[in-house]
Amino acid sequence: MSLPAKKLAIASWSLYDFANTIFSMNVISLYFALWVTVDHGGQDILYSVALSLSMLAVAVSVPVFGAISDTTGKRQRPLASLTLVCVICTALIGGTSNLWVGLILFVIANYCYQSALVFYNGMLPSVSQGTHIGLVSGYGVSLGYLGSIAGLLMVKPFVEESGRSAAFLPTAALVLFFALPCFFFVRDPEKKSSPPVQIKKVFATLKETFSRIKHYKLLFQFITVHFLVLDAVNTIIAFMAVYATKVIGFSGNEITQFLISSTVGAMVGSVIIGFLVKHKGSIWSYWLVLWVWIAALSLAAVSQSTTLFWYVGPLAGVGMGGVWVVSRAILVELSPPEKLGEFFGFYSLAGKTASIFGPMLWGSVVWALDATQTLKYRAAVTLLLCIVIAAAFLFRNFSHNISQAKQFD
């Protein structure tokens, strides 16, 4: 690959991250949750079930898609196909006034969005050949944060003029527009032949990985802690706009500003926590992330005024950006080098599974306390706070075991 073609491939691959975070921010975090709960008067449990069902399907499919990606080396066509289905379903949400049709379209759109990431991430090694893989990955992450903010700002005029339903068609158009360079300029490396993918073998391998991880007690303890933290993180991503609207009373403009502030917090948080991991160590840094989340959720639960709640966005953003940076560092430290890819796959699956349980917990609490007005939402946030506190207690045992293990080394 010539140098100009290589640079074009890296830029195009990175731009896909810009595209897919527009969907994540506009659909998952903001407009669809409010479309269900405010515009159509649906209960939170409906959005919870739709989100959890799509993530359950993703959790089952990801090992298979991963095997297809690795065995065949074909990533460009599946990525384009899944993205196109996501784009079409997202656009159609804006054209329906039927709540159930909208929920089904969202399940398909989110499933395709999440599944496409398997093939997108699989492109990284071939795209970055000759360039540091961390540097190319960083380009994607940076553009992803910018995509979140740009997507909000570019779609906002449509929503102000015609309401939330008008958000979905321009969001779909933006995702497609910024994804196109990846479809055209990132090519699969040539692979002469590949054996057929054996689905039974894929799940047998997953079972073996789980058995192996249990033998690495420290690693298993950490993934359990991380699963609990992600229960809270993924649920906050999905429901914070609903909470800000129904409990705090934020307007549409205020929610947009709030989400932008949390995204900026995530950008800053990933840089700061990355620096602290290098200079203070991963255990110290993960403690900091846990305390940031405890502070953010405590503030959200007790906030009676908009003034206090404004601090929640940047704090949650710092925690959100930091949790990914430091958790990956710990996983690398604990995993044997020859099993790193295998254990990263299980780590990713734990994150997907957390996206099933967290939203269902939120929806169940809000549904059970439906007779109350805002108490149900405060109770749901308090439950997430309790989960993070439980994770902190488990992490205390984990860090103690780490220090003991180092003494015997």
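The numbers here are math on the coordinates, done by the rules we state, and not lab data. If you're wondering where the values come from, they're calculated on a predicted model, not measured in any experiment. When we count neighbours, we look across all protein chains shown, and the Cβ atoms used for this are built from the backbone with ideal geometry, even at glycine.
Which number comes out as Rg/Rh for region 199-409 once both Rg and the Kirkwood Rh are worked out on C-alpha atoms?
Ratio value, two decimals: 1.01.
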Proxy reagent accessibility, fewest Cβ within 10 Å first, across Met267, Met123, Met55
Met267, Met123, Met55
So if I place +1 on the C-beta of Lys and Arg and -1 on the C-beta of Asp and Glu, and nothing else carries charge, what would the dipole magnitude of the chain be about its Cα centre? I want it in debye, nearest 20.
960
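Would you mind ranking Asp231, Asp188 so that the residue whose beta carbon has the fewest other beta carbons within 10 Å leads the list?
Asp188, Asp231
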With unit charges on the beta carbon (Lys/Arg positive, Asp/Glu negative), name the residue among Leu297, Ile330, Ala266 whose Cα is farthest towards the positive pole of the charge dipole of region 199-409.
Ile330
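How large is the helix-only mean residue ellipticity at 222 nm for the chain, computed as the sum of -39500 (n - 2.57) over DSSP H runs with n ≥ 4, divided by its residue count, in deg cm²/dmol to the nearest 500?
-28000 deg cm²/dmol
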Once the piece of chain linking Thr372 and Lys217 is laid out straight, how much longer is it, given 0.36 nm per residue of separation minus the C-alpha distance between them?
51.5 nm
Dipole of region 199-409, positive direction: furthest Cα of Phe275, Ala371, Ile223, with charges on the beta-carbon
Ile223
Let me check the size of region 352-409 from its C-alpha atoms; what are the radius of gyration and Dmax in Å?
17.0, 57
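Which trypsin sites (Lys or Arg not before Pro) does region 199-299 hold that lie in a coil by DSSP with at most 11 other beta carbons within 10 Å? Don't skip to the answer; put the middle values down first.
Numbers: sites: Lys200, Lys201, Lys207, Arg212, Lys214, Lys217, Lys246, Lys278, Lys280; in loops: none.
Sparse-neighbourhood loop trypsin sites (Lys or Arg not before Pro): none present.
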Debye log10 I(q)/I(0) at q = 0.11 Å⁻¹ for the chain, Cα point scatterers:
-0.83
Only four residue types carry charge here, +1 at the Cβ of Lys and Arg and -1 at the Cβ of Asp and Glu. Report the dipole size of region 1-186 about the Cα centre in Debye, rounded to the nearest 20.
540
Give me the one-decimal Kirkwood hydrodynamic radius in Å for region 1-133, with the sum taken over alpha-carbon pairs.
16.0
Theoretical gain in end-to-end length, Arg328 to Cys386 [0.36 nm per residue, Cα-Cα removed]
18.5 nm
At 0.36 nm per residue, and after removing the present C-alpha to C-alpha distance, how many nm does the segment from Phe185 to Arg77 gain when stretched out fully?
37.7 nm
Would you please put 324-332, 91-99, 306-314 in order of how densely packed they are, using the mean number of other Cβ atoms within 10 angstrom per residue and starting with the highest?
324-332, 306-314, 91-99
Ala350-Phe177 FRET efficiency (beta carbon distance; Förster radius 30 Å; 0.05 resolution):
0.35
How would you order 149-157, 361-369 from highest to lowest mean count of nearby Cβ atoms within 10 Å?
361-369, 149-157
In what sequence do Val159, Val136 fall when counting other Cβ within 10 Å, fewest first?
Val136, Val159
